[in-house]
Amino acid sequence: MNELDDISLDDTDFSPDQLERIAGHVRGILDALGLDLTDPNLAETDRRVARMYAEMFHGLKEGTRPQVTTFPNEEKYKAMVMEKEIPFYSMCAHHLVPFYGHAHIAYIPNDRILGLSKFARILEFYARRPQLQERLTEQVVEFLNHELRPQGAMVVVEARHLCVEMRGVKKAGAVTVTSAIRGSFYKKEIREEFLDLLGRRAAL
């Protein structure tokens, strides 16, 4: 038995045929690179990579939109709700190498509110696929805008891209920042409140 035999097919939304096809392509890459596929360290690499892709790209199989529940805003809360420094990992669609960082998500409610744990669920859904940071940022804010119909919403994503750090210009530590805005967040005073809250560090 090898280390992958105890991983149930229920752990992935990809079919056995899909996993085998991915593994076959990985074997082809390894062979094209001139690597010795009889090397014990490479013996299961094709299957490990297939399983890794199934895990990292599971957002492709969950459906076209995150499945989250919203709630009536019975308290008539009308101030800003922010969840900041939500970690995420994704894969650059251009080079299939990781980019990772934090997202800061805020909205001002109207009639519906979102459970706090759902911020991370929405981010995870859109991150777990070959992705662009700009598109990720827009997808998250647009989902909030569509599902909640809030007064406004704003998303800021800060990330490091290994396609920048490991190859090409090789600028280690460079951080890319993207933002997306809807509704009342176009107002300067609302954006300033967002940035003020973002800059504060809670003493927890």
Q) Expressed in nm², what is the orientationally averaged projection area of the convex hull enclosing the Cα positions of region 115-161? A) 3.5
Q. Assigning unit charges at the beta carbon (Lys, Arg +1; Asp, Glu -1) and nothing else, what dipole magnitude in debye, to the nearest 20, does region 70-199 show about its Cα centre?
A. 400
Q. For residue 75 and residue 21 in one chain, what is 0.36 nm times their gap in residues minus the Cα-Cα distance, to one decimal in nm?
A. 14.2 nm
Q) In square nanometres, what is one fourth of the surface area of the convex hull spanned by the alpha carbons of region 38-114? A) 7.8
Q. If you stretched the chain out fully between residue 175 and residue 191, how much longer would it get, using 0.36 nm times the residue separation minus the C-alpha to C-alpha distance?
A. 3.6 nm
Q. Using alpha carbons only, how many degrees (0 to 90, rounded to 10) separate the axis of helix 16-32 from the longest principal axis of the chain?
A. 60
Q: Taking only Cα atoms and a 10 Å spring cutoff, compute GNM fluctuations for the chain and point out the largest among 104, 95, 161.
A: 95
Q) Lys/Arg Cβ at +1, Asp/Glu Cβ at -1, dipole of region 132-204 taken about the Cα centre: which of 141, 157, 172 is farthest positive-ward? A) 172
Q.
Given bins 10 angstrom wide, list per bin the percent of all Cα-Cα distances in region 70-199, short to long.
A. 13, 43, 30, 12, 2, 0
Q.
If I build a Gaussian network model for the chain, linking alpha-carbon pairs within less than 10 angstrom, which residue out of 152, 24, 34 has the largest mean-square fluctuation?
A. 34
**Q.** At 1.002 mPa s and 20 °C, Stokes diffusion of region 9-56 via Kirkwood alpha-carbon radius, µm² per second
**A.** 194
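Just so you know, all these numbers are worked out from the coordinates, no wet-lab data involved. It should be emphasised that the depicted structure is a prediction, and the values quoted were computed from it without experimental measurement. Quick reminder, even Gly has a Cβ in these numbers, built from the backbone with ideal geometry, and neighbours come from all protein chains shown.
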